[in-house]
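K.L.:
Below is a structure I'd like to ask you about.
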């Protein structure tokens, strides 16, 4: 089973029917996710996130972008942070900076 892991339920997005996640890109990840568009993923969560019965989603789309080109609104929605600098700090914790390429993954809960 394909899985995608979340350390935190940023902006409570895992409770939504449609949600995105932004992940650092490399050739292997890009190929992996692109080849799995339309496939089901189990959503796994680190300790501290309440488990639910809604642990499956279909990967609907994958887009690669330079992190610096992502609109601030998307970063705010993805993190739930009201302040864009705070949102960018969250990504820095995941070692993502402006010049990095990232994958924007779009999921639909099933």
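K.L.:
Does residue 66 satisfy being over 13 Å from the mean Cα position of the chain (by Cα), loosely packed, with under 13 Cβ neighbours inside 10 Å and touching a residue at least 60 places away in the same chain (Cβ under 8 Å)?
P.N.:
Against the criterion (over 13 Å from the mean Cα position of the chain (by Cα), loosely packed, with under 13 Cβ neighbours inside 10 Å and touching a residue at least 60 places away in the same chain (Cβ under 8 Å)), residue 66 does not qualify.
K.L.:
Now, a different point. For region 77-89, give me the residue count where each residue is farther than 19 Å from residue 24 by Cβ and crowded, with 16+ Cβ neighbours inside 10 Å.
P.N.:
Residues in region 77-89 being farther than 19 Å from residue 24 by Cβ and crowded, with 16+ Cβ neighbours inside 10 Å: 0 in total.
K.L.:
Take the residues in region 90-108 that are outside any loop (DSSP other than H, G, I, E, B) and over 13 Å from the mean Cα position of the chain (by Cα); name whichever of them is surrounded by the most Cβ atoms within 10 Å (Cβ to Cβ).
P.N.:
Going through the qualifying residues, I end up with 101.
K.L.:
Next up: For residue 78, are the conditions met, namely being under 18 Å from residue 33 (Cβ atoms) and either in contact with a helix residue (DSSP H, G or I) (Cβ under 8 Å, 6 or more places away or on another chain) or in a helix (DSSP H, G or I) (or both)?
P.N.:
Taking the combined requirement at face value, the residue satisfies it.
K.L.:
Moving on. Name every residue in region 20-51 that is modelled with pLDDT of 95 or more, surrounded by fewer than 15 Cβ atoms within 10 Å (Cβ to Cβ) and part of a strand (DSSP E or B), in order of residue number.
P.N.:
If the condition is that a residue be modelled with pLDDT of 95 or more, surrounded by fewer than 15 Cβ atoms within 10 Å (Cβ to Cβ) and part of a strand (DSSP E or B), then 40 is the only one that fits.
K.L.:
Spot the failing condition for residue 57; the list is (1) crowded, with 16+ Cβ neighbours inside 10 Å; (2) touching a residue at least 60 places away in the same chain (Cβ under 8 Å); (3) within 12 Å of residue 4 (Cβ to Cβ), and only one is missed.
P.N.:
Of the numbered conditions (1) crowded, with 16+ Cβ neighbours inside 10 Å; (2) touching a residue at least 60 places away in the same chain (Cβ under 8 Å); (3) within 12 Å of residue 4 (Cβ to Cβ), the odd one out for residue 57 is (2).
K.L.:
Still on this structure: Could you check residue 28 against (1) closer than 21 Å to residue 99 by Cβ; (2) over 13 Å from the mean Cα position of the chain (by Cα); (3) in contact (Cβ under 8 Å) with a residue 12 or more places away in the chain and say which number it fails?
P.N.:
(3)
The values are calculated or read from the model by the stated rules, or taken from the named source; none is laboratory data. Computed from a prediction, not measured in an experiment: that's the story for all the values here. In this analysis, Cβ positions are derived from the backbone assuming ideal geometry, glycine residues included, and neighbour counts consider all displayed protein chains.
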